[in-house]
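Q: Take this structure first; my questions come after.
Only the coordinates and a few stated rules stand behind these numbers; no lab work does. Please read all numbers here as calculations on a predicted model, not as lab measurements. Note that each Cβ is placed from the backbone with ideal geometry, even for glycine, and that neighbours are counted across all protein chains shown.
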Amino acid sequence: MSLYWRIFVLNAGVLVVAVLLLLGPVTVSTPVLFGEAVVLLAGLIVMVIANAVLLRVALAPLARLNRTMATVDLLKPGSRTTVTGPGEIAELTTSFNAMLARLEAERATSSGRALSAQEAERQRLARELHDEVGQTLTAVLLQLKHAADHAPRPVRDDLRQAQETTRAGLDEIRRIARRLRPGVLEELGLHSALRALTAEFTTSRLSATAHITPGLPRLDPATELVLYRVAQEGLTNTARHTHATRVEVHLRALPNARVGLLVRDNGPGIGAAPEGAGISGMRERALLIGAEFQIGQGPQDGTEIRLNVTGHAADDRTQETAR
Ligand SMILES: Nc1ncnc2c1ncn2[C@@H]1O[C@H](COP(=O)(O)OP(=O)(O)OP(=O)(O)O)[C@@H](O)[C@H]1O
Ligand SMILES: [Mg+2]
């Protein structure tokens, strides 16, 4: 039955009951007696309440659809409204669900493009840092060494000092380039890259450890890059936002997923902190390879990030663009 007829029948039903009561047991004199007025008022209240309840039941599917529309988040895909209710509402719900599916697919494609552009730009920056600035500093280092070898003693110490400073600058540039482009991912594979990344976050107050189960299945480069970037953002957040003393990166096989990444710290926990570009970046990367992503409070205090790679990428094209 259409929504129009549903509401019409409900209202008509309430009115018919009211009229039947007036024709039957209820009598109204002129002027109205006190007892009759009380009965009429009580009848009116019952009618209004009955109408409100019936309308609420009839419009419940619309309210449900409205709630989903208000809370839907394309970065947490899969939320759909159950198709129920009269013709128009069922059609509206079906169209809305179809629109959500289309938007999610478009979002995955466009964030795939954006992320691949970002990766390409990072690679370019890393290459330029390494090839241009790195080479120039290496040349300066050699010139300083040459000058120091031939300089008189008082100047030599200054030149050695300048050499040390230049060497430190060169190391810093190499470190930045490595973070921008996880070259080690291509050269040594994900496991060594994760170990090297984790080791970089170990300081005197933070112990960062990587626990990688041996014999994990092979993953495609796009998935490996997503796992690496999610671990990187998780570790960066722990180092940046907490005074945690421990952070662990686990990569292991899961029963219902190919591989699971877990980044867990013993900081104060994420609480209700609003998500920034870092966390939404992790969600987008997860979407790109069809992985499940969760961030929240761990069983003890602290924050846990879980990325479960199920092996169903969003589609072949996004696999390609994630590269
Ligand atoms: N491991 C963590 N422990 C406690 N709070 C965290 C942790 N990770 C993130 N947060 C909180 O969540 C917020 C959002 O993190 P998110 O990575 O999205 O953004 P950000 O780190 O502030 O900025 P950026 O865009 O540079 O990553 C942070 O500002 C922080 O308050
Ligand atoms: Mg961050």
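Q: Out of (1) within 16 Å of ligand 2 (Cβ to nearest atom); (2) more than 18 Å from ILE279 (Cα to Cα); (3) touching a residue at least 60 places away in the same chain (Cβ under 8 Å), the odd one out for THR238 is which?
A: (2)
Q: Ok, one more. Would you mind listing the helices (runs of 4 or more DSSP H) fully within the range 173-253 where at least 2 residues are of a type in the set (Ser, Thr, Tyr)? Before you say what the answer is, go through the steps one by one.
A: Values: elements: 183-188, 190-200, 221-241.
Result: 190-200, 221-241.
Q: Tell me which residues, restricted to the range 257-280, are more than 16 Å from ligand 1 (Cβ to nearest atom) and either in a helix (DSSP H, G or I) or surrounded by fewer than 21 Cβ atoms within 10 Å (Cβ to Cβ) (or both). Steps first, please.
A: Initially, the range 257-280 is screened for residues more than 16 Å from ligand 1 (Cβ to nearest atom), giving 257-260.
Within the range 257-280, ALA257, ARG258 qualify.
Q: May I pose another question? State all residues of the range 241-281 that are within 12 Å of ligand 2 (Cβ to nearest atom) and farther than 18 Å from GLU292 by Cβ; if no residue qualifies, say none.
A: HIS241, THR242, ALA273, PRO274, GLY276, ALA277, GLY278 - these are the residues of the range 241-281 that are within 12 Å of ligand 2 (Cβ to nearest atom) and farther than 18 Å from GLU292 by Cβ.
Q: Residues in the range 295-309: is at least one acidic (Asp, Glu) and more than 11 Å from the chain's Cα centre (by Cα)? Working first, answer last.
A: Pass one, the range 295-309, residues acidic (Asp, Glu): 301, 304.
Then keep just the ones that are more than 11 Å from the chain's Cα centre (by Cα); that gives 301, 304.
Checked against the condition, which is being acidic (Asp, Glu) and more than 11 Å from the chain's Cα centre (by Cα), the range 295-309 yields at least one hit.
Q: Which residues, counting only those in the range 183-215, are within 12 Å of HIS250 (Cα to Cα) and surrounded by 15 or more Cβ atoms within 10 Å (Cβ to Cβ)? Explain how you work it out, then say what you get.
A: Taking the range 183-215 and keeping what is within 12 Å of HIS250 (Cα to Cα), we get 191, 194-195, 198, 208-214.
Selection gives HIS191, LEU194, ARG195, THR198, ALA208, ALA210, ILE212.
Q: Under the condition of being aliphatic (A, V, I, L, M) and away from ligand 1 (no atom under 12 Å from the Cβ), which residue from the range 232-256 is surrounded by the fewest Cβ atoms within 10 Å (Cβ to Cβ)?
A: Taking the range 232-256 as the starting set, the residues that turn out to be aliphatic (A, V, I, L, M) are 235, 239, 244, 247, 249, 251, 253-254.
Next, only the ones that are away from ligand 1 (no atom under 12 Å from the Cβ) stay: 249, 251, 253-254.
Values: VAL249: 25, LEU251: 23, ALA253: 12, LEU254: 14.
Once the filter is applied, the top-ranked residue is ALA253.
Q: Just to verify a result, which residue in the range 281-304, among those that are part of a strand (DSSP E or B) and within 8 Å of ligand 1 (Cβ to nearest atom), is nearest to LEU227 (Cα to Cα)? Lay out the reasoning, then the answer.
A: As a first pass, look at the range 281-304 and keep what is part of a strand (DSSP E or B): 292-297, 303-304.
Imposing the further condition that a residue be within 8 Å of ligand 1 (Cβ to nearest atom) reduces the set to 295, 303.
Details: ILE295: 14, THR303: 17 Å.
Residue satisfying both the conditions and the ranking: ILE295.
Q: Within the range 40-81, count every residue that is touching a residue at least 12 places away in the same chain (Cβ under 8 Å) and within 25 Å of ALA291 (Cα to Cα).
A: Residues meeting the conditions: 10.
Q: Continuing with the same structure: Among the residues of the range 249-301, how many are touching a residue at least 40 places away in the same chain (Cβ under 8 Å) and small (Gly, Ala, Ser)?
A: Here the count works out to 8.
Q: Let me ask another. Could you check how many residues of the range 77-130 are assigned to a helix (DSSP H, G or I), among the hydroxyl-bearing types (Ser, Thr, Tyr) and surrounded by 14 or more Cβ atoms within 10 Å (Cβ to Cβ)?
A: Residues meeting the conditions: 4.
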